[in-house]
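Please read the structure below before turning to the comments.
The values are calculated or read from the model by the stated rules, or taken from the named source; none is laboratory data. Since the model is a prediction, treat every value here as computed from it, not as a measurement. Reconstructed Cβ throughout: ideal geometry from the backbone, glycine too, with neighbour counts over all protein chains shown.
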Ligand SMILES: Nc1ncnc2c1ncn2[C@@H]1O[C@H](COP(=O)(O)OP(=O)(O)O)[C@@H](O)[C@H]1O
Ligand SMILES: [Mg+2]
């Protein structure tokens, strides 16, 4: 064991940053800011010639390219690449090894990784550092701290190895899914780069230029054997996956390649063109419903726009009233910030009840229930504030909300509208669903340039600073309520009892 470790072998670094940039571009579409920060990081490392800088940490949802960026950095530097997953590690010995007196003893993952690399200066990716846990067998996070600390890792001791190994030339990179579960002490040493995920348009390019060519090669196929049409890729993105990254999309493409490989080998066909209608057959029925808005203007239903872990989405916000005592129910797995935002929206409606045409005594008679469907998508943040306020006012005042309008904006208790993030992604989502008008905070006016021009031209933006303006843009007069009720619930109108009771 001792002899098989790379005590002296090291690879020569590629120092040409332009070559590094080229490699990063070859391996990944987009990610402009991420690549820039990586190149800056590499430049500083080269100038300071010291490994004492911070450790890169990629944070983002699955399938956004964290691991493959690590691999790409290794390729750009001409270094070996190894990775170790720390997910679920709770035993310090996993990192530091077992003493040889222990039955079945082994070195820890760091030393194993170096043996695998065969050089003492690989790029070493430590995956899922946020998923380590500590228990009675010691705290792996503090062992990691020692591994990553340039003051201490010159003499890293693995219990199995017994003599120290110098880790100071290793370029460690860490990854995590979420920020908040990262061990604090580790986070302090890291330079965090977040990868938020891709728009449908970006996924389409990634599929065509990266995932499909890669899967074809892996399955021994060429473009002569299979053509996946653009609409078929779109359908796979929107109906077969629901994710921020492209992991399941890549799996679906692999699934298609397997089917085609079988057809080709059995001689049944030499070439298959895959259009959307073939997907049912090849991949099974779609797993997700298309993202769609509702057609009629309804009471208590608002089109909120949100920026979630899976990108920009339309969140249909439903508010219903029922007999009660002024309680507020929230369902649909809303995060803390969103819940607070719902309470602020309700307070606004309460304190302005009279002006809003809401029965002032509603608190003594009614409970409010706010529901945001799509339980699988984690939803948080303040930007649904004005949509929730609008839906509450609509439900209480019995005035319908225009269905062709989508909204985004934070609300204060006094009904002021504050700016939000992720406008580009939200606008893309609104456009996808066929919304024409977006109500947004006046303070976000300067962000509109980020929206691709062809989509910008087809949307109308209404800038608002107060809730009054939101209501003026999106709420229809009460008299039209009857019309919309008729549209949605024709059965109820025909009921003779309802007519009598009037
Ligand atoms: N921007 C991108 N361009 C090209 N391929 C990408 C991009 N982002 C992700 N991929 C590919 O998607 C797949 C999943 O990425 P991966 O690195 O495993 O994600 P993560 O580690 O963040 O979960 C890989 O095949 C990766 O190469
Ligand atoms: Mg990964």
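Does region 435-445 include one or more residues that are in a loop (DSSP other than H, G, I, E, B) and either in the same structural domain as residue 328 (by TED's automatic domain parsing) or touching a helix residue (DSSP H, G or I) at 6+ places or on another chain (Cβ under 9 Å) (or both)? Yes, some residue in region 435-445 is in a loop (DSSP other than H, G, I, E, B) and either in the same structural domain as residue 328 (by TED's automatic domain parsing) or touching a helix residue (DSSP H, G or I) at 6+ places or on another chain (Cβ under 9 Å) (or both). Among residues of region 39-68 being within 13 Å of ligand 1 (Cβ to nearest atom) and farther than 14 Å from residue 196 by Cα, the one that is surrounded by the most Cβ atoms within 10 Å (Cβ to Cβ) is 67. Applying the set (1) in contact with a helix residue (DSSP H, G or I) (Cβ under 7 Å, 6 or more places away or on another chain); (2) modelled with pLDDT of 90 or more to residue 74 leaves exactly one unmet item: (1). Residue 196 meets each of the listed conditions (1) part of a strand (DSSP E or B); (2) surrounded by 14 or more Cβ atoms within 10 Å (Cβ to Cβ) apart from (1).
The residue that is modelled with the lowest pLDDT, among those in region 447-457 that are outside any helix (DSSP H, G or I) and surrounded by 10 or more Cβ atoms within 10 Å (Cβ to Cβ), is 452. Of all the residues in region 236-273, those that are modelled with pLDDT of 90 or more, in a loop (DSSP other than H, G, I, E, B) and in contact with a helix residue (DSSP H, G or I) (Cβ under 8 Å, 6 or more places away or on another chain) number 1. Of the candidates 31, 24, 17, the single residue that is surrounded by 12 or more Cβ atoms within 10 Å (Cβ to Cβ) and within 16 Å of ligand 2 (Cβ to nearest atom) is 31.
Out of 95, 55, 111, one residue alone is more than 16 Å from ligand 2 (Cβ to nearest atom) and either outside the structural domain of residue 152 (by TED's automatic domain parsing) or over 31 Å from the mean Cα position of the chain (by Cα) (or both). It is 111.
Of 51, 107, all but one fail to be at pLDDT below 95 and either in contact with a strand residue (DSSP E or B) (Cβ under 9 Å, 6 or more places away or on another chain) or over 25 Å from residue 133 (Cα atoms) (or both); the exception is 51.
Residues of region 58-69 that are out of contact with any strand residue (DSSP E or B) (no Cβ under 6 Å at 6 or more places or on another chain) and more than 10 Å from ligand 2 (Cβ to nearest atom): 61 alone. Count of region 204-235 residues, restricted to those that are away from ligand 2 (no atom under 16 Å from the Cβ) and either under 22 Å from residue 287 (Cα atoms) or assigned to a helix (DSSP H, G or I) (or both), is 19. Residues being crowded, with 16+ Cβ neighbours inside 10 Å, away from ligand 1 (no atom under 16 Å from the Cβ) and closer than 23 Å to residue 41 by Cα are represented in region 152-164 by at least one member.
For region 70-85, the set of residues classified as buried (at least 22 other Cβ atoms within 10 Å of the Cβ) and within 15 Å of ligand 2 (Cβ to nearest atom) consists of 70, 72, 73, 74, 82, listed by residue number.
If only residues of region 128-175 that are within 16 Å of ligand 2 (Cβ to nearest atom) and at pLDDT 90 or above are counted, the one that is farthest from residue 81 (Cα to Cα) is 175.
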